[in-house]
Amino acid sequence: MEFNDEKAIFVQIAEAIENDIVRGIIDEDERAPSTNELAARYEINPNTAAKSLTLLTNDGILYKKRGVGMFVSPGARAVIIEKRKKRFNDEYLLPLLREARLLGLDRDELCRMLDELWQK
C-alpha cells in the first residue's frame, strides 16, 4: 500500500482494514491485525498503527477481547457500507447534481450519461 498526502496515514490504514471487512477478507468476529502486525506490514511507527485501531474501535468497527486482540464487531460491514454510502452521496452525488443543474441537464439526460458510463 502506498500512502498519499491527502489523509493521515492512520486514517488510510483504518480505511484499508475497512476495505478488507467490506470485501469479506476479514469476517465479523474474526481477529483484526494487531498494532505490531500493522506496524511491520506498513513499516510505520506502532503508535500510528494503534491510532488506526483506536479509530476503528471508536467507530464501533472493532472491539477488544482482553488478552486476545482486536476483533471485527458484529454488524461492522453494514456500518461501514452505510457510512461510505453517506460519504459517497455527500462528496460525489450532491456535487454531480449541482453541476448537472448548472449545465441545464435534465434527469433523463443525466441518467443516460450515467448508464453509458456504467456499461463501459
What is the total of Lys pairs in the chain with C-alpha atoms under 20 Å apart, excluding same-chain pairs fewer than 8 positions apart?
7
Rank Met113, Leu93, Phe10 by how far each Cα sits towards the positive end of the charge dipole of the chain (+1 on Lys, Arg Cβ; -1 on Asp, Glu Cβ) and give me just the farthest.
Phe10
Rounded, prolate or oblate for region 34-88? Axes are the square roots of the Cα gyration tensor eigenvalues, ordered a ≥ b ≥ c, and the cut-off for rounded is a/c under 1.5.
oblate
Estimated distance in nm for a label pair at Glu30 and Glu6, the labels positioned 7 Å out from Cα along Cα-to-Cβ
2.7
How much accessible area per residue does the chain have, in Å², with a 1.4 Å probe?
71
On the protein heavy atoms, probe 1.4 angstrom, tell me the percent of accessible surface of the chain carried by carbon and sulfur.
52
Which of the GluC sites (Glu not before Pro) found in region 21-54 are in a DSSP loop and have at most 13 neighbouring Cβ atoms, other than their own, within 10 Å?
Glu30, Glu43
Debye, to nearest 20: dipole size of the chain, +1 on Lys, Arg Cβ, -1 on Asp, Glu Cβ
440
Starting from the Cα-Cα distance between Arg84 and Ala16, subtract it from 0.36 nm times their residue separation and give me the gain in nm to one decimal.
23.2 nm
Between Leu38, Leu97, Leu62, find the one with the highest GNM mean-square fluctuation for the chain; connect C-alpha pairs within less than 10 Å.
Leu97
Might you report the magnitude of the Cβ-based charge dipole of region 1-69 about its Cα centre, with Lys and Arg at +1 and Asp and Glu at -1, to the nearest 20 debye?
380
So what's the chain giving for Cα Rg divided by 2.2 N^0.38 Å, two decimals?
1.36
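The values are calculated or read from the model by the stated rules, or taken from the named source; none is laboratory data. Keep in mind the model is a prediction, meaning the values are calculated, not measured. Cβ: placed from backbone, ideal geometry, glycine included. Neighbour counts: every protein chain shown. Only protein heavy atoms, including side chains, enter the accessible area calculation; ligands, DNA and RNA are left aside. Shrake-Rupley method; radii C 1.70, N 1.55, O 1.52, S 1.80 Å.
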